[in-house]
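Trainee: Got a structure for you, written out below as structure tokens; questions coming shortly.
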Amino acid sequence: MPTKPDTTAGPDGTTPAPLVAEAHDLSVHFQLQGGAFSRLLGLGSRRVKAVDGVSFELRRGEVLGVVGESGSGKTTLGRALLGLAPATGGALTYHPSHGASQEITGLRGADLRRLRTDVQMVFQDPSAALNPSMTIEEGVGHPLVIHKIASGEDLRRRVVAALERVGLAPVERFLSKYPSDLSGGQKQRAVIARAIILEPEVLVADEPVSMLDMSVRAKILQLMLDLKNDLGLTYLYITHDLASAKFFCDRVAIMYLGRIVEIGPTEEIFSQPRHPYTQALLKAIPEPDPDRMVPRDLPRGEIPDAASPPLGCSFHPRCPVATPVCGWESRDLRALLEQHWVRDETADFEAERATVGDLDELDRPGRTARLAGKDPAAVRQVLDRVRTADPDEPLWRGVEALEVRHGRVEVDFVEGVDPRLRAAGGVEVACVHYGAAPEWTEGAADGG
Ligand SMILES: Nc1ncnc2c1ncn2[C@@H]1O[C@H](COP(=O)(O)OP(=O)(O)OP(=O)(O)O)[C@@H](O)[C@H]1O
């Protein structure tokens with residue numbers, strides 16, 4: 001296994017290393033224009049909150065891991081650091097070792113080009129990252145040509161040095177080859193050579209080893225650690241693979257639906273995960289196949305739609321230790337009813353479905369669920385049966401009132417808390433169990 005020197009401390013070993021980048025309440029929202037079909041359905045345009053109020057610091061020489069399921073916003077965060085995804089809110093500041101600090105999201109023209117030399121990207125798929133019609137010499141040297149930094153003999157000398165640095169030796173064997181002549185691991189070495197040839201300060205590495213054979217993954221990660229130490233690089237390492245994050249990263253940020261839900265030193269996150277989502281992810285670390293990293297033991301379903309995230313804490317619909325103040329809403333009641341009809345074979349699906357009426361009304365996010373069924377007494381009976389079948393379901397704890405209004409059953413939920421990151425031990429966690437709502441701080445989510 002690669003070994004990590006402690007690179008997060010400053011020269012005297014105690015003061016933190018200087019900042020390279022910092023985000024404050026950073027948001028990257030995408031406006032999706034609905035097509036004709038969406039307009040017909042009255043959906044109009046939708047806003048995807050890919051990154052939603054994220055704050056973090058990146059310090060010189062460290063590896064910060066960004067871990068989360070597909071769609072959690074990891075890549076968008078990395079693209080924002082590269083100046084590729086424009087912020088719609090908050091601030092993202094780059095502190096170069098040379099020159100003045102810059103607000104990344106406002107950069108244009110020459111300033112943006114300078115950022116692109118300082119912050120480089122290593123992509124997941126090395127085949128797609130290399131131009132198939134360029135030789136390795138041309139491809140690796142391309143950034144120097146684009147930025148008009150080197151040509152002729154100087155260009156060749158730098159390409160040779162970069163290839164040697166990433167272990168593609170003897171270099172002469174590789175210079176005139178095309179990407180298709182190389183193995184996956186060799187291609188990724190060439191991609192890394194291209195990334196370091198501009199002598200950047202930061203590498204954003206987006207799943208850099210996930211498409212490689214198991215046998216070469218550790219070698220590529222070791223190469224990246226060596227390069228980091230030798231060249232004084234800083235990494236933002238994006239992955240869904242907790243096992244690689246565990247030995248590669250100094251600190252880890254766990255992302256869920258555009259938010260960082262927990263961030264802290266790797267050791268602390270792995271030895272004492274606080275957030276129920278982190279706990280679920282860690283439970284899902286499969287031994288020995290680190291490839292299949294999905295939290296399979298979560299009680300319910302898929303990661304929700306980032307265009308319409310849950311109210312309160314986004315994780316509450318899947319959370320095994322959700323409290324009454326986590327943000328229960330009408331869509332949760334629909335999910336619960338449907339889950340009941342799927343799971344409980346004794347339930348008379350047809351009759352109960354007809355009794356509660358059209359469930360589409362529940363899809364509009366809100367603290368009050370209005371059931372369409374015209375016979376309130378019968379609707380209440382269905383809800384009672386659902387509750388009796390699973391009395392421990394956390395949603396019921398969030399019910400503030402269940403009554404008949406205007407001839408229909410309405411369910412009001414307790415107003416939810418949208419938890420922000422707060423210090424808890426050596427990490428920061430966004431969860432009501434850790435200070436976001438004082439009455440729920442006891443007995444933190446150990447059982448999660
Ligand atoms: N250019 C875009 N336009 C619209 N929506 C986008 C765009 N880029 C990303 N998204 C959406 O933003 C959300 C976050 O996507 P992102 O790719 O950042 O997540 P991720 O965690 O990196 O996922 P993966 O591991 O699958 O790459 C998703 O819902 C995605 O569909």
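The values are calculated or read from the model by the stated rules, or taken from the named source; none is laboratory data. Computed from a predicted structure; not experimentally measured. Note that we place each Cβ from the backbone using ideal geometry, even for glycine, and neighbour counts take in every protein chain shown.
Trainee: Output yes when any residue across the stretch 110-125 is of a type in the set (Gly, Ala, Ser), crowded, with 16+ Cβ neighbours inside 10 Å and in the same structural domain as VAL202 (by the TED database), and no when none is.
Mentor: Checked the stretch 110-125: no residue is of a type in the set (Gly, Ala, Ser), crowded, with 16+ Cβ neighbours inside 10 Å and in the same structural domain as VAL202 (by the TED database).
Trainee: Go through the stretch 335-353 and count every residue that is more than 35 Å from the chain's Cα centre (by Cα) and either in a helix (DSSP H, G or I) or surrounded by fewer than 16 Cβ atoms within 10 Å (Cβ to Cβ) (or both).
Mentor: Adding up the residues that qualify gives 8.
Trainee: Kindly provide the set of residues from the stretch 179-224 that are surrounded by fewer than 22 Cβ atoms within 10 Å (Cβ to Cβ), polar (S, T, N, Q) and assigned to a helix (DSSP H, G or I), ordered by number.
Mentor: The answer is SER180, GLN186, SER215, GLN222.
Trainee: Looking only at the stretch 95-106, which residues are away from the ligand (no atom under 16 Å from the Cβ), buried (at least 17 other Cβ atoms within 10 Å of the Cβ) and farther than 23 Å from GLU207 by Cβ?
Mentor: Matches in the stretch 95-106: HIS95, GLN102.
Trainee: Also: Take SER70 and decide whether it is touching a Gly at 6+ places or on another chain (Cβ under 9 Å), of a type in the set (Ser, Thr, Tyr) and either in a strand (DSSP E or B) or in the same structural domain as PRO200 (by the TED database) (or both).
Mentor: So SER70 does not fit the description; no.
Trainee: Given the conditions (1) at pLDDT 95 or above; (2) closer than 26 Å to MET211 by Cβ, and given that ILE146 satisfies all but one, which numbered condition is not satisfied?
Mentor: It fails just one condition, (1).
Trainee: Of the residues in the stretch 354-367, how many are more than 16 Å from PRO317 (Cα to Cα), surrounded by fewer than 17 Cβ atoms within 10 Å (Cβ to Cβ) and in contact with a helix residue (DSSP H, G or I) (Cβ under 9 Å, 6 or more places away or on another chain)?
Mentor: Number of matching residues: 2.
Trainee: Scan ALA354, ALA322, ALA369 and give me the residue that is farther than 17 Å from ALA389 by Cβ and in contact with a Leu (Cβ under 6 Å, 6 or more places away or on another chain).
Mentor: ALA369
Trainee: Right, here's the next one. Of LEU198, LEU221, which residue is under 27 Å from ARG60 (Cα atoms), in the same structural domain as ILE136 (by the TED database), touching a residue at least 12 places away in the same chain (Cβ under 8 Å) and touching a Lys or Arg at 6+ places or on another chain (Cβ under 9 Å)?
Mentor: Going through LEU198, LEU221 in turn, the sole match is LEU198.
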